[in-house]
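Report on the following structure.
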Amino acid sequence: MLKIRLQRVGRKNDPAFRVVVTDSKRGPKSGDNVELLGSYNPHMDKVQINSDRVKHWMSVGAQVSDTVHNLLVSEKIIEGKKVNVLPKKNPIVKEATEEEKKAEETPKAEAEAEAPKEEAPTEDVKSEEEVKAEVPVEEPKQEDVKEEPETPKEEEKKEEPKEEEAKEKPEAPKEEEETKEKEEKKAE
């Protein structure tokens, strides 16, 4: 397939381009062009294009690159709108108005309200059957799993009550004193 596109020429940091007709499968710098149609210098904003030959190649079926299309439109060789050459970004999404948000939320809320009502009975039936079937199977697994970690946990549990008991013992005399004071006040 033939393509009309730009071929970069010029020095480093001083680009200039040729407008060429070439096979689309060839590399841009191969130099194996079918025909040279013109040139474009972006620094001087100078465009020279042979419009008759461009129209001829387009009529034969050559495709035009986006940048060359925009050049041809700006030179009024062809008619049409310019094409956005930059990469596509996410489209700008307009924020929905409050009415639209409410309208979207109400069907969702209704659907959620209806769904649990229908599913609830089936879950209860399944859970009872599953419990009966799983109880004997799970017991040995739980014992195997518990044996290994229980030893460290038991030590931790044993240490924690000691700390709690130590905290409770000072509090116990305070509580006893408070209760004695209350009893004395009642007796008076």
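Couple of notes before you dig in:
- Long-range neighbours under 9 Å by Cβ, at least six apart or interchain, first residue touching a residue at least 40 places away in the same chain (Cβ under 8 Å) within region 19-39, second assigned to a loop (DSSP other than H, G, I, E, B): Val19/Asn50; Val21/Asn33; Val21/Val34; Val21/Ala62
- When region 15-34 is filtered for residues that are surrounded by 14 or more Cβ atoms within 10 Å (Cβ to Cβ), among the polar types (S, T, N, Q) and over 17 Å from Asp66 (Cβ atoms), only Asn33 remains.
- Answer residue from region 67-102, given it is among the acidic types (Asp, Glu) and surrounded by 10 or more Cβ atoms within 10 Å (Cβ to Cβ) and is modelled with the lowest pLDDT among those: Glu100
- For Glu134, the stated conditions hold: it is part of a helix (DSSP H, G or I), at pLDDT below 90, more than 38 Å from the chain's Cα centre (by Cα) and not β-branched (Val, Ile, Thr).
- Residues that are on the phi < 0 side of the Ramachandran plot, among the hydroxyl-bearing types (Ser, Thr, Tyr), surrounded by 10 or more Cβ atoms within 10 Å (Cβ to Cβ) and modelled with pLDDT of 95 or more do occur in region 40-51.
- Test for Arg5: is it among the basic types (Lys, Arg) and crowded, with 17+ Cβ neighbours inside 10 Å: yes
- Any pair with Cβ under 8 angstrom, 6 or more apart, that starts in region 56-83 at a residue that is free of Cβ contacts under 8 Å to residues at least 60 places away in the same chain and among the acidic types (Asp, Glu) and ends at one that is part of a helix (DSSP H, G or I) and surrounded by 14 or more Cβ atoms within 10 Å (Cβ to Cβ): Glu75/Ser51; Glu79/Val73
The values are calculated or read from the model by the stated rules, or taken from the named source; none is laboratory data. Everything quoted here is computed from the prediction, not taken from an experiment. Because the Cβ atoms are built from the backbone with ideal geometry, glycine has one as well, and the counts that use them run over all protein chains shown.
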